[in-house]
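None of the figures in this text is laboratory data; all of them are computed from the coordinates on show. Everything numeric in this text was worked out from a predicted model, so none of it was measured. Cβ atoms come from the backbone with ideal geometry, glycine included; neighbour counts cover every protein chain shown.
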Amino acid sequence: MESILIAGATSLRLPTEFGIRKILRNILALQQSVKSLVERDDETEFERAKEFYNLFFIGPQVCRNLSELRSTLIGIRRRCLTALGLNKHLPLRSISRCSIFSAV
């Protein structure tokens with residue numbers, strides 16, 4: 001469900017602060033509705049969608065800087081693991097899930 005909400009952002013012509021706040025409010029309403037229908041909590045949080053739409057508030061330059069920083073950190077970690085001979089058994093996906101990258 002989150003992927004549908006995030007993919008829908010491509011149809012936004014000119015996102016405004018008011019529009020994004022409405023989207024976040026609608027995500028909250030959807031979250032509450034789904035929570036009453038589904039027993040598992042992991043399917044009702046919509047955290048990724050909320051974080052994605054909150055990125056509209058920080059602006060494109062900050063997003064670009066965060067993305068570049070994350071790529072740099074992944075590269076540094078990969079080089080360290082290579083130097084230690086540990087990267088042969090560690091896929092890139094698990095590198096990006098490391099706790100050091102979750103804050104970025």
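Listing for the model above:
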{"read-out": "Estimated distance in nm for a label pair at L12 and N54, the labels positioned 7 Å out from Cα along Cα-to-Cβ", "value": "1.4 nm"}
{"read-out": "Loop-located trypsin sites (Lys or Arg not before Pro) in region 1-72, at most 10 other Cβ atoms within 10 Å (DSSP)", "value": "R13, R40"}
